[in-house]
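Since the structure comes first, as structure tokens, the remarks are kept for the end.
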Amino acid sequence: MLANGAISSDEYKRFQEFLEQVAGIVLGRNKQYLVDSRLGYIMAEEGIATLGELLSRIQGLGDPKLRERVIDAMTTNETLWFRDSKPYRLLEQLILPKFAGRPLRIWSAACSSGQEPYSISFTVEEFRERNPAAAPSRVEIVATDLSGSMLASAKAAEYDAMSIARGLTTQQKQKFFDQRGQHWVVKPQYRRGVSFRKLNLQDSFSALGRFDVVFCRNVLIYFSAELKRDILNRMADVLHPEGYLILGSSESVNGYSERYHTERHPQGVLFRPSGDAGE
Ligand SMILES: C[S@@+](CC[C@H](N)C(=O)[O-])C[C@H]1O[C@@H](n2cnc3c(N)ncnc32)[C@H](O)[C@@H]1O
């Protein structure tokens, strides 16, 4: 609960503008309850009485640590191991066999606490075990997120009983993790190829290099149509011509970008660069 129990419509509007500007996140109308539940404890800790006062502390040259805490609190970090399973089947059955003996670069573009990039790594390494001759020569997985706290958890690769229970069989848990007390840590061989860096998807991707596969799942849903279009077009620029874009199960390029064509497979949907940047 916010200290004074209410958010004025002007404060809410200014907060919506702030969040869209710094994170691209569009906070819909009547989501005051979300602001209340996600920021109330931070404001109580900081002795801040109103959303307007919080805004004046975090805007412009204001307190960067507090700003980061607010952005972290306002991002939705929901994730799980092998989420939706289809992307991992697409990777294993359709994509990996195309990279036999060749290097492969994969980008997990909003990696949250690491379940997505590590699930990619588990899939690659299991493929390698089963088909050593058909495996890529080297796999690099670059995982990025806006949230500093999510990236810190992802890098630590250490999960509690609750998060480990979401999406893994007992056998997978034992194969991919070492148990340390109440926690489970991703084994070194599955962490080796995975690196993490902070990236706001609103910013340039050029420092990341080019990719064969981009996983951009369950993040575009928070953005405006204009930002979705911009991100999808810029992702087409960093994808190799024969590359693959994998979106969340409810997401599509259709209506946002002409830079891809859609491939429907029994295992799921892949978006491939169409090679036409001229729009
Ligand atoms: C719901 S999680 C999705 C995690 C994972 N891709 C999955 O599908 O399970 C959304 C992630 O997007 C990140 N995010 C939100 N806005 C972002 C932005 N502007 N740039 C980069 N990441 C952002 C959040 O921090 C959060 O970790």
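Coordinate-derived values only; no laboratory data. Note that the coordinates shown come from a computational prediction; the quantities given were computed from them, not determined experimentally. Virtual Cβ from ideal backbone geometry, glycine too; neighbours counted across all protein chains shown.
Charging the Cβ of each Asp and Glu at -1 and of each Lys and Arg at +1, and nothing else, the dipole of the chain about its Cα centre rounds to 900 debye. Shown for 212, 145, 237: other C-beta atoms within 10 Å of each C-beta, ranked fewest to most, produce the order 237, 212, 145. Calculation over all alpha carbon pairs of the chain in 10 angstrom steps from 0 returns a P(r) of 6, 27, 31, 23, 11, 2, 0 percent. Remark: 123, 262, 50 ranked as 262, 50, 123, counting other beta-carbon atoms within 10 Å and listing the fewest first.
Rounded to the nearest 500, what is the chain's calculated 222 nm mean residue ellipticity when only DSSP H runs of at least 4 contribute -39500 (n - 2.57) each, over all residues? Value at 222 nm, helices only, nearest 500: -11500 deg cm²/dmol. With 0.36 nm allotted per residue and the present C-alpha distance subtracted, the residue 182-residue 221 stretch has 10.6 nm of extension available.
The value of relative contact order for the chain, using C-alpha pairs under 8 Å at least six residues apart, is 17 percent. The residue among 218, 255, 96 whose Cα reaches farthest toward the positive pole of the charge dipole of the chain, with charges on the beta-carbon of Lys, Arg, Asp and Glu, is 96.
For the chain, the longest principal axis of the alpha carbon atoms and the long axis of helix 9-23 meet at an angle near 30°. The residue among 232, 181, 244 whose Cα reaches farthest toward the positive pole of the charge dipole of the chain, with charges on the beta-carbon of Lys, Arg, Asp and Glu, is 181. Taking the number of Cβ atoms within 10 Å of each Cβ as an exposure proxy, the fewest-first ranking of 111, 216 is 216, 111.
Among DSSP bridges having both ends in the chain, what percentage is antiparallel? Round to the nearest 5. Among the beta bridges of the chain, antiparallel pairing accounts for roughly 40 percent. In a reduced charge model with +1 at each Lys and Arg Cβ and -1 at each Asp and Glu Cβ, the range 1-150 shows a dipole moment near 620 debye about its Cα centre.
Find out how many positive minus negative residues lie around residue 13, taking Lys and Arg as positive, Asp and Glu as negative, among other residues whose Cβ is under 14 Å from that of residue 13. Overall, the nearby charge balance is -1.
What lysines could a cross-link reach from residue 155, if we take a straight Cα to Cα line under 16 Å and drop same-chain neighbours fewer than 8 places away? Cross-link targets: 187, 198. Largest GNM mean-square fluctuation across 177, 122, 211, computed for the chain with C-alpha springs under 10 Å, falls on 177. With Cα atoms defining each centre, the range 114-139 and the range 203-229 are spaced 23 Å apart in the structure.
Any idea what the relative contact order of the range 42-197 is, in percent, if you count C-alpha pairs under 8 Å spaced at least 6 apart? Result for the range 42-197 is 24 percent.
Within the shell of other residues whose beta carbon sits under 9 angstrom from the beta carbon of residue 55, the net charge comes to 0, with Lys and Arg scored +1 and Asp and Glu -1.
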